[in-house]
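Undergrad: Dropping a structure here in structure tokens format, bear with me for questions.
The values are calculated or read from the model by the stated rules, or taken from the named source; none is laboratory data. Given the structure is predicted, the values throughout are model-derived calculations rather than measurements. Neighbour counts run over all protein chains shown; Cβ positions are idealised from the backbone, glycine included. Only protein heavy atoms, including side chains, enter the accessible area calculation; ligands, DNA and RNA are left aside. Shrake-Rupley method; radii C 1.70, N 1.55, O 1.52, S 1.80 Å.
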Amino acid sequence: MGRNTRRRPTGPRRATFAAFALMLGGGGLVAANVYASATEDGSGTDAQTRSAAAATIDCPDVGNKLTEVPEKARGDVDKELATLDQQVAEAYRQLQSATPEQRQDSGYTDENVMKPLKEKRSETLDRIGNAMDQAGQRPDGLDSMADCSMRTWQNGGQDNGQNGDGQGDGQNGDDQNGQNGQDGNGDQQGGNGGQAGNGPVAADFVDITKVAPNVQAKPQNSNNASTGSFTTNCGVNANKNFNSDNVIAAPGVTNGAHHTHDYVGNQKINAFSSNDNFLQGGTSCDNKDDLSSYYWPVVRLQDGTQEFDQNNDGGGKEGNVGKILTPVQAEIKYVGNPTSKVVAMPQFLRIITGDAKTTTNGLANANAHWSCTGFEDKVQLTEQYPLCPQGSKVVRTFAFQSCWDGRNIDSANHRTHDAFVDPKTGACPNGFQAIPQLTERIVYDIPTPTIENGQVKNPYAVDSFPEQLHKPATDHNDFISITTGGLADKIADCINSGRDCGAGGGGDQGSGGDDQGSGGGATEQPSEQPSDQPSDEPTAQPTEDPTTPPAGDDNGNGNAGNDGSGKGNGDNGSGKGDNGGSDDQTAQPPATQTQQPSDDDPTMSSTTDPEVYASAKAKASKSAAAGAEQGGSGNDDDNGDGSVQAQGTGGNGSVVGNQAEPQGGDLAETGTTLWPAAAGTVLLIGGLFLLTRTRRRY
């Protein structure tokens with residue numbers, strides 16, 4: 001039988017080719033749109049994340065778990081805990097210095113980074129155990145804390161969770177095959193972001209104007225409430241008193257903090273200071289009886305600046321780079337308790353608020369609060385830095401623990417001797433008594449970073465341990481109470497009697513002050529700057545320009561008040577608040593007011609003085625699910641005056657997230673994003689229809 005060589009008609013062949021062309025084109029559009037959607041950043045910046053994930057090293061925080069250490073062993077234990085921190089920092093630097101291929105090779109990282117780290121930690125933990133054993137109290141489970149793990153973030157969230165707490169605040173994975181770095185203009189090149197390659201990243205920032213209000217009311221005052229306040233003006237560290245020590249957590253250890261601190265108040269605080277020489281330190285405070293030490297991590301603008309510590313421990317060697325920013329204002333105020341009178345703070349009491357290691361520890365002890373002037377009574381952020389609108393300044397607010405066990409001035413983990421009040425009632429836990437609550441409000445004039453293509457340009461960030469990636473939640477603050485002349489009793493008496501005293505307090509009755517902002521207050525100390533020179537004792541970082549500036553300079557001392565109340569202009573860095581008037585805790589949340597602008601500063605809106613009652617374990621989870629997994633609530637409670645109460649005690653409770661509401665685009669943006677997929681689908685369906693009709697017809 002002969003072969004049938006009849007050709008198919010031209011019309012059907014053309015129709016078939018057209019159908020396949022439509023199907024291929026439509027499928028290609030759909031696939032391209034799916035890929036683009038998969039790589040789009042979910043932070044509301046229309047950014048694009050890449051395949052390489054940011055990574056850090058997660059080790060158990062041994063110091064936080066050692067709640068009881070015999071007094072005899074504490075010196076040795078503290079030094080060994082500092083050694084553990086040093087080991088983690090070194091391992092992280094080794095991880096960063098590896099090539100992208102080596103970082104992605106689990107065999108390489110295990111053999112060259114993680115295994116040596118575990119061996120070193122095991123030896124250090126054994127020394128801790130021996131020191132405590134000699135004091136008669138060796139803890140169980142030390143060996144189990146030698147293991148560390150790699151923690152990675154991708155597409156704005158941590159891919160393997162954090163100790164089961166459901167956190168996902170992490171970092172954007174970036175491009176360049178994981179290469180880290182930043183050019184001189186502060187532009188990120190990938191990896192973990194930031195000028196030094198260890199953060200921050202775009203996901204660490206949020207436009208504060210797009211964040212839903214999350215500040216709640218503070219506890220109501222009872223009839224026995226202590227409603228007064230005491231303000232002390234100690235300047236803004238314009239004399240650049242820095243070091244990377246931490247005499248509370250790592251006494252006797254140079255560079256125990258692995259990041260640089262601002263110091264105001266006592267001028268001779270370093271790793272080698274002790275109760276014996278605290279009283280010889282001099283002070284930057286107007287009130288010469290206030291020798292207390294107030295210190296916090298510096299904030300840097302990562303604009304490519306080579307700071308004095310660029311090649312030093314605590315600075316550039318550990319990823320803390322960029323221009324150190326001097327606050328324009330640093331207000332230090334003590335307030336009362338809503339349910340009881342307060343007792344005077346004991347001499348040399350130490351308090352650390354917040355947790356410098358939340359990136360690996362989780363948010364259980366976080367107490368960071370970031371906001372912008374004009375927004376403080378509405379929005380407080382823990383897990384993101386705010387992008388402030390024009391004319392608004394960045395604000396860090398701290399509310400310290402205000403309950404004391406009545407016996408100890410410190411504890412092994414620097415936490416169990418003090419506590420937060422109950423977030424709902426304001427009462428101290430059983431066995432604790434109320435002390436004046438230290439609150440600090442630190443204001444910075446920072447150019448607003450920009451986010452382009454998933455990367456943040458000219459970001460700012462708080463100094464941190466290198467492996468903590470400059471996350472905003474790692475912000476923390478340190479305090480040592482050191483007073484003379486009966487000042488501690490005067491502060492308590494002022495607060496208990498309902499007066500507003502101290503710098504700018506306006507006299508014993510709180511009725512306003514003079515135009516010099518000197519106030520009367522309970523102490524009536526002259527407004528002088530100390531003549532004491534910084535200590536000659538060894539420090540981790542050199543102190544630059546050791547003399548304290550005269551009154552009226554950037555420390556803001558001696559400037560005129562805005563309204564005769566004795567509280568100086570907030571922009572002069574006086575730390576005396578934005579306005580005058582009483583700080584009665586029963587008052588309604590004060591309205592914002594316009595500050596007096598400086599020559600180069602636009603007019604801005606700012607809230608008034610903070611009166612903060614914070615709870616233990618200040619949790620601010622990114623979602624209700626995260627809070628539920630942590631087994632606690634996470635509300636940031638308002639104090640009615642622009643500060644917050646960081647609520648996070650155990651049990652069930654609602655969670656107020658510290659992040660923007662879902663920021664879906666408008667219809668135009670949605671159409672722009674979805675039209676390729678829609679067109680592709682139409683083409684695909686049209687091709688299938690045409691192919692089916694052709695096959696049926698022919």
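Undergrad: Show the residues, 5+ positions off or on another chain, whose built amide H is closer than 5 Å to the amide H of His258.
TA: Residues meeting the amide H criterion: none.
Undergrad: Which ³J(HN,Hα) values, rounded to whole Hz and listed in residue order, are derived for the stretch 85-99 from phi using the Karplus coefficients 6.51, -1.76 and 1.60 in 6.51 cos²θ - 1.76 cosθ + 1.60 with θ = phi - 60°, glycine and proline given as x?
TA: 4, 5, 5, 5, 4, 5, 5, 5, 4, 5, 5, 5, 6, 6, 6
Undergrad: Sticking with this one: Which of the peptides 245-251, 262-268 is most tightly packed, and how do the rest follow, going by the mean number of other Cβ atoms within 10 Å of each residue?
TA: With the highest mean Cβ count within 10 Å placed first, the list reads 262-268, 245-251.
Undergrad: Checking the a/c ratio against 1.5 first, then a/b against b/c, what shape does the Cα gyration tensor give for the stretch 64-115?
TA: Verdict is prolate for the stretch 64-115.
Undergrad: I'd like the accessible area for Phe242, computed on protein heavy atoms only with a 1.4 Å probe and all protein chains in place. Round to 10 Å², please.
TA: Estimated to the nearest 10 Å², Phe242 gives 10 Å².
Undergrad: Beyond a 27 Å Cα-Cα separation, which of these cross-linked pairs lie in this structure: Lys240/Lys317; Lys240/Lys288; Lys120/Lys240; Lys288/Lys333?
TA: Cα-Cα > 27 Å for Lys120/Lys240; rest within.
Undergrad: OK, next. Would you list Val201, Val215 from the most to the least accessible area, probe 1.4 Å?
TA: Result, largest first: Val215, Val201.
Undergrad: Going by accessible area, probe 1.4 Å, with all protein chains left in place, what is the ranking of Thr254, Thr483, largest first?
TA: The ranking, largest first, comes out as Thr254, Thr483.
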